[in-house]
Structures are given as structure tokens and as C-alpha cells.
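Read the structure below first, then the notes.
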Amino acid sequence: MMASKTNPASCHPFSFVQARTLIADLQRPNPWIYWADFLVSIIIGHITLHAIFWMHRLYGFEPWSIAVMGLCYVVTVILYMRALMFIHELVHLPDKGFTFFRIAWNGLCGIFFLVPSFLYYPHVDHHRRKHYGTEHDGEYLPLANRGPWMIVGFIAQALILPLLAVLRFLVISPLCWIAPKLRPIVHRHMSTMLVDPTYQRRDSSPKVMRIVILQEVLCFAWLVWFFIRGYIMRDQLIDPFWFIAYSVGVGILVLNEVRTLGAHRWTNDGGEMSFADQLTDSVNFPERPWITELWGPIGTRYHALHHLFPRLPYHNLGEAHRRLTAGLPADSIYHQTNEVSLTAAIRKLWQQSRAAVARQSQTSPTKVPA
């Protein structure tokens, strides 16, 4: 079932020319902002992560040290989440001028978290007008048209995703090196960051495959060291750092899953969507920036605006939104993309999913006893 269409009679016709004119001078990314933001986030995140590990070893489990560990955990999750979200920018940045930034991101972040940049290359399908919300979009599910169980499961998967990532790079990657015939299957089904588990990846050019194999090797080498470092450095077969890393990974994933629930309204249930429906199916959270920036970093809180202008750098999205809000007609469909808060958006999604179940139960044929 296709999502309900936006009524064009109730909205001013959207003009790309007008919108593009309003934000024309905001298109160029500033490398200094990218470097400073990423390096501060990842370095402080590394410091607070190791503070969690050393706090109890140095001071025991005193009430104050537990409180400090809890604070460090929250800071670590937020900062690592921010650093990781630069993977989204890598897809949209120009090829020239950011080569070293891509290398640095993978070397300082992507490899360590087992999310090398090749996993996100298919993100471009999410921005293709004819693919958005269809079976060709790996980042979309009709959550509003399914039961609440799917929303719960979407968040709960965070508990197993770190283990699947270890399996992917510690076991499956070497198998592909030994048995190359496995590569096409692995590349299609196990090499993409996605929302829809049925999505099949298609890009397999020689250049892409060279990058895939290189980043696989780096992830494999990191995992080998990760699992033997406790024994080598501290003579511990069971390294307590594993459990800290897992808990931080789960925290990041839960935060990202919750953020993703608010990125769209998830109303499409198959078929190509019009531009107006795609835009209003995406969400902006312009209010309370000091809060929304914590869970929606690197411009992800302006998701509708990002779908409108995918190459607009994240550090200019706030200014672009203000200009579009002031410059576009009051009845423009762009104004329909705003939500007050993430909790309000998720509450609406939950209510829609419950209503969908109720409709399905009412329309299901009743079995008549023989």
C-alpha cells in the first residue's frame, strides 16, 4: 500500500530554483571544520573510553568512581557516535580535496569500530528518486505500516550487531580470501550498513573490490590484536576491555537506531514515491539544538533538508534551514518536514504502527467454523 499522498492543492508548488538560490553560497565544505570536529570527537572519545577501563582498576568501585565511569560512558557514546557519523559525509563529499580525511577517518575510527567506509557506499541508492522507499533502497522499511514489534526489534538488534561485525571480519573475510567463490554472496548480502535486511548490494567494480579487501584486511588485523592484547599486555585470557567495548558499541547502536526511527516517517509500503511524498516522509528537528545535536550529530537532525540537497555540507545545514524557512512560502511542503522532538516523532510512529495492525485485523477474513 502506498503512503497517503501530499495534497498539492493545499501547498504552494515547490521550486528547486528558489530553494537553491536561497542557499547557493553554502555548498562548499570547509575542510578545517571537518578535521577539527572529527579529531576532537574521536580523541576525547578514546580518552573517556580508557578512563572507564582504568577508573575501577585504580580506584575500585567506590560510589564516586562509579559515577565518574557512568559519566565517561555517556560522553564516550555521544562522542563516538559523532565521530562515526562522518561516514555519512564521506559518501557525499567531493572526491578531490578530502582523500586524506577519508584515510584518517578509516584509520582512526572506521577500522576500530568495524564499520569501514566501504560498508556505506550503497547509501547513494537511498537518494535516488526512483529508489527511495522501494526494494532498491537498503535504508528503508515500512515501519509505520507494520506492528510495533518491528520497531522494538529494530532497536533490540543492537545487542547482536557487534557480534555479527566480529563474525563478518574475523571469520567470513578470511573465508572469502581462501575461497573467492564466496565473495559475490558475501558482497551482496553481508557488506552493507542497512535498515532492510533483504537489500542486495550491486556495486562490484575492480576499484571498489580493492578498497573492500584492503579494509577487510585492516579490520581482521585489528580484531586479532583486540583479542590477544589482554594476554600479551596483562596476562589475562579474558580481557575486561572486551566487555567495555561491547557495552559502548551497544550504546552507540541503540542511540543510532533511535535516531534512525526519527529520520523518516516510514509510511511507504512499496512502489515509487513522488518528490513531495519523499520530502514529507523525511524529518527535520530544528528545535533545541543543544539536545538534538547530541543524538543527531553531523547534520543528521536535518534529514529532510539533506534529502533535498544531499551535497550540502553538514556544518551549513542549520543556516540553510533558517534561510529556507524564512524564504519559502508559508504553505511550502518544506515546512511540513519539521518535528518538535525525537520523542514526538517516535510516538507518532508507534501510534501509526498500532493503527496499521488494527486496520489489518479488521480487514482480515474471519474463519467460519465448519
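Read the figures in this text as sums done on the coordinates, not as results from a lab. A quick note: this is a predicted structure, and the numbers were derived from the prediction, not measured. Neighbour counts are summed over all protein chains in view; Cβ atoms, including those assigned to glycine, are modelled from backbone coordinates with ideal geometry.
Charges only on Cβ, +1 for Lys and Arg, -1 for Asp and Glu: so what's the dipole of the chain about the Cα centre, in debye to the nearest 20?
Numbers: 33 positive and 24 negative charges, 108 e Å.
With only Lys, Arg, Asp and Glu charged at Cβ, the dipole is about 520 debye.
I228 sits among other residues whose Cβ lies under 13 Å from its own Cβ, and their net charge, with Lys and Arg +1 and Asp and Glu -1, is 0. Around the Cα centre of segment 28-114, unit charges on the Cβ atoms of Lys, Arg, Asp and Glu (plus for the first two, minus for the last two) sum to a dipole of about 140 debye.
Once both labels are positioned 7 Å from their Cα atoms along Cα-to-Cβ, the gap between W225 and V340 label points is 5.0 nm. Against the set (i) 30, 61, 10, 0; (ii) 25, 56, 18, 1; (iii) 28, 58, 14, 0, the structure's computed P(r) over Cα pairs in 20 Å bins from 0, in percent falls on (ii). Applying 1/(1 + (r/R0)^6) with r as the Cβ-Cβ distance of V254 and A330 and R0 = 51 angstrom yields a FRET efficiency of 0.85.
Build a GNM of the chain with springs between Cα atoms under 10 Å apart, and of A156, A67, A304 the one that fluctuates most is A67.
Using 0.36 nm per residue and subtracting the Cα-Cα separation, the extra length available between D196 and Q360 on full extension is 56.8 nm. Got the relative contact order for the chain handy, in percent, Cα pairs under 8 Å and 6 or more residues apart? Result for the chain is 27 percent. Close Lys pairs in the chain (alpha-carbon distance under 20 Å; sequence gap of 8 or more, or different chains): 4. Remark: spin-label model distance V17-Q157 equals 4.3 nm, labels positioned 7 Å along the Cα→Cβ axis. Counting other Cβ atoms within 10 Å as a rough exposure proxy, the listed residues Y34, Y80 run Y34, Y80 from fewest neighbours to most.
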